[in-house]
Ligand code: TK8
């Protein structure tokens, strides 16, 4: 059962007329309520993007649809919130593609290490037919994928040693997202990976249950991982998209016009979020160093050794993901690079 915990303290951006949080997607005033939850905190561009979505939807529907926003895992971790969308007890969440692979295996294609060489190539591929076609597959799982947002290039932090070479991964207990390809890729690099929900990560780092983790600089800084991590390396080993997910039963209950409004709002807010996210990921490495983290640059030669080490994992997972999806995305990457 899913119980919506009333989160006092004003963290949720809006409450029902009587001060209570709506406990259903229809409130007594007859307007529809979107309960939108994310795992990152209110400082993160992901939340700023969600507030933009709220602003657009409430304006465009003249308040016929209200958006309640919850951050920092108040409604649960990514998998729990995605399951709540399937159950219809929550309406929106915006996880990375990695945990989505537990619902639609093809989404693991985005976890292929070193798939995207740049943000520009990622933008082109995600706007292309293969990536857009993957969003369609979500509907078979009672989910509607309205848009791709951006988590970004993932970088390694740890509290044991500077990581400059592939040998430095040896034996490091690295938390990964709950995604088998990520797990096997870190084993191939020599690490000792553990899958874990993001909501448990800070405590696990603080207690030393794991030595390290990997996320974009904006997350490392804004979630204050510098307080519990000493070393950061620009591994840039995966580019993670976010997917703006909506409960299919909620979406199907909207009018055609309202469906168009939420779809275009997710896309427009996504453009805003990606802009803020890029700015954040470009500037926060400096802040991490100012907070005392030791930065290690991975040379092209060492990165090539990492690429070579994970190739067998990519071959191994090709059938799980679906050869058509892997080949389609790889082709789209090559075409985007050639443009
Ligand atoms: C936040 C997560 C996070 C992701 C992870 O809910 O799990 O490390 O990168 O952004 O989705």
Principal axis box of the range 200-276, alpha-carbon based, largest edge first, Å: 51, 25, 20
Calculated FRET value between residue 62 and residue 301, using beta carbons and R₀ = 35 Å, to 0.05: 0.05
Alpha carbon Rg of the range 88-160, scaled by the compact-globule rule 2.2 N^0.38 Å: 1.22
The range 70-118: proportion of alpha-carbon pairs further apart than 13 angstrom, %: 61 percent
Cα-derived Rg to Rh of the range 179-229, Kirkwood definition: 0.96
Kirkwood-based Rg to Rh ratio, the range 81-214, C-alpha trace: 0.99
Considering only the chain, percent of DSSP beta bridges that pair antiparallel, nearest 5: 60 percent
Those residues of the range 73-104 whose amide nitrogen sits under 19 Å from the label point placed on residue 291, 7 Å along Cα→Cβ: 73
As computed over the chain, the Cα convex hull volume per residue (Å³): 132 Å³
Helix axis angle, 300-321 relative to the chain longest principal axis, alpha carbon, degrees: 50 degrees
Longest to shortest principal axis, alpha-carbon extents of the range 212-322, angstrom: 53, 40, 23
Debye log10 I(q)/I(0) for the range 36-146, one point scatterer per Cα, at q = 0.10, 0.12, 0.17, 0.18 Å⁻¹: -0.33, -0.48, -0.96, -1.06
Square roots of five times the Cα gyration tensor eigenvalues for the range 270-339, Å: 30, 21, 12
Value of Rg to Rh for the range 235-292 (Rh from inverse mean 1/r over Cα pairs, i.e. Kirkwood): 1.19
Degrees separating the helix 256-290 axis from the principal Cα axis of the chain, which is the longest one: 40 degrees
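We did not get these values from a lab; they are worked out from the coordinates using the rules stated. Please read all numbers here as calculations on a predicted model, not as lab measurements. In this analysis, Cβ positions are derived from the backbone assuming ideal geometry, glycine residues included, and neighbour counts consider all displayed protein chains.
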